[in-house]
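What follows is a set of notes on a single structure, which appears directly below.
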Amino acid sequence: MLYRFICFIMFAGFLAGCSQPADTEGSADQTATQSSAPVEPDAYYEFLWCEFGDNYTEEARDAYFASFNEIADSMTERGLRSFGYRPRDWESEDFDALWVNRWPDKEASEQGWAEWQAKGGNATLQEKHPGVLNCGQESGVNVFGYTTYIPKDIPASFNVESPPYHVDNLFCSFNEGQGPEQLRSFVRDQYMPFLDRYAADNPDNSYWFAIGVPDVVLENYPQDFNWINYFKNSDEASVAIANYDNNEVEIQNAMAEVVTCTDRQLWNGVPIRVLPDPI
């Protein structure tokens, strides 16, 4: 199933309006021309399970982040950005929070991890900040990678300058007889037009979303993909989600015909490493 989904996105032109890199500007004509071409992933995301130590405080956390950035600054620049996601109004037995790395692609991740380990990055952090934060270092055990696609341009109004920003996610699995082609049709023909209407009514909205295909699927987290929604703050998110839940039943039903998703998990997001582009 995952293989079918990856192939679909790579070769079927998942969405005509996939986001462009921050340093490029594609016209509408260019986008239309490129829509039938293979669509490359926008990023590679990693989610590290983290546990708070006995010495954890926000002040200690920020000092830990600063030390991480010092180490990262000494490494080869590979476009790494990092964020923290903390569960909002719920708890997990597996972690206290997530450390999220965003790389341009999986190759950059593999090279970055190799250099991080060669430098003894985690050992240095634990020595300088004992009992503050312990995050996963082993892929498939407590580090989980996702090849990620961002179908909608990230609005200029979204930023991480006033944390926490809003994140929510749903783990989704295809229903029997449904697959990537049906998901593509739903997103293209119903979800994206809905977002266009929403943007017309809310021109300053900060919403964007990402779809991640996992490298490894754990038994406790069954999924074909991870659908993640972003807003610059929880107030905007609450209004938008209420509008969607109460007024967009037709779109919800159309999506439910294709996939079955978990309930939303809410997170507070904070920036860790956001150079030079915060997204």
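What to note about this one:
- Summed over the stretch 231-278, residues that are in a strand (DSSP E or B), in contact with a helix residue (DSSP H, G or I) (Cβ under 7 Å, 6 or more places away or on another chain) and within 21 Å of Cys172 (Cβ to Cβ) total 2.
- Candidates are the residues of the stretch 62-91 that are closer than 23 Å to Gln117 by Cβ and of a type in the set (D, E, K, R); the one that is surrounded by the most Cβ atoms within 10 Å (Cβ to Cβ) is Arg81.
- Among the residues here, Asp215 does not qualify as outside the structural domain of Ala63 (by TED's automatic domain parsing), of a type outside the set (A, V, I, L, M, F, W, C), touching a residue at least 60 places away in the same chain (Cβ under 8 Å) and surrounded by 18 or more Cβ atoms within 10 Å (Cβ to Cβ).
- The criterion of at least 1 residues that are under 30 Å from Pro180 (Cβ atoms), among the aromatic types (Phe, Trp, Tyr) and modelled with pLDDT of 95 or more is met, among strands (runs of 3 or more DSSP E) falling completely within the stretch 62-164, by 81-87, 97-103, 143-149.
- Of the residues making up the stretch 187-200, those that are hydrophobic (A, V, I, L, M, F, W, C) and modelled with pLDDT of 95 or more are Met192, Phe194, Leu195, Ala199, Ala200.
- Filtered residues of the stretch 212-257 (kept if of a type in the set (Val, Ile, Thr) and either more than 20 Å from Ala199 (Cα to Cα) or out of contact with any Phe, Trp or Tyr (no Cβ under 7 Å at 6 or more places or on another chain) (or both)): Val213, Val216, Val217, Val239, Ile241, Val249
- Conditions (1) under 22 Å from Thr148 (Cβ atoms); (2) among the β-branched types (Val, Ile, Thr); (3) free of Cβ contacts under 8 Å to residues at least 24 places away in the same chain; number of the one not met by Val239: (1)
- Top-ranked residue of the stretch 136-185 - restricted to ones that are in contact with a Gly (Cβ under 9 Å, 6 or more places away or on another chain), aromatic (Phe, Trp, Tyr) and under 14 Å from Ile211 (Cα atoms), ranked as surrounded by the most Cβ atoms within 10 Å (Cβ to Cβ): Tyr146
- Residues (under 22 Å from the mean Cα position of the chain (by Cα) and more than 25 Å from Asn233 (Cα to Cα)) located in the stretch 53-78: Phe68, Ala72, Glu77, Arg78
- Scanning the stretch 81-138 for residues that are under 19 Å from Glu51 (Cβ atoms), small (Gly, Ala, Ser) and under 19 Å from the mean Cα position of the chain (by Cα) yields a total of 5.
- Criterion: out of contact with any strand residue (DSSP E or B) (no Cβ under 7 Å at 6 or more places or on another chain), in contact (Cβ under 8 Å) with a residue 40 or more places away in the chain and loosely packed, with under 13 Cβ neighbours inside 10 Å - qualifying residue of Gly121, Gly131: Gly131
- Selection count where residues are over 16 Å from Gln252 (Cβ atoms) and surrounded by fewer than 17 Cβ atoms within 10 Å (Cβ to Cβ), scope the stretch 186-200: 3
- Criterion: more than 19 Å from Leu125 (Cα to Cα) and in contact with a Lys or Arg (Cβ under 7 Å, 6 or more places away or on another chain) - qualifying residue of Arg86, Arg102: Arg102
The values are calculated or read from the model by the stated rules, or taken from the named source; none is laboratory data. Predicted model only: the values in this text are computed from it and were never measured. Here Cβ is always computed from backbone atoms with ideal geometry, including for glycine, and neighbour counts include all displayed protein chains.
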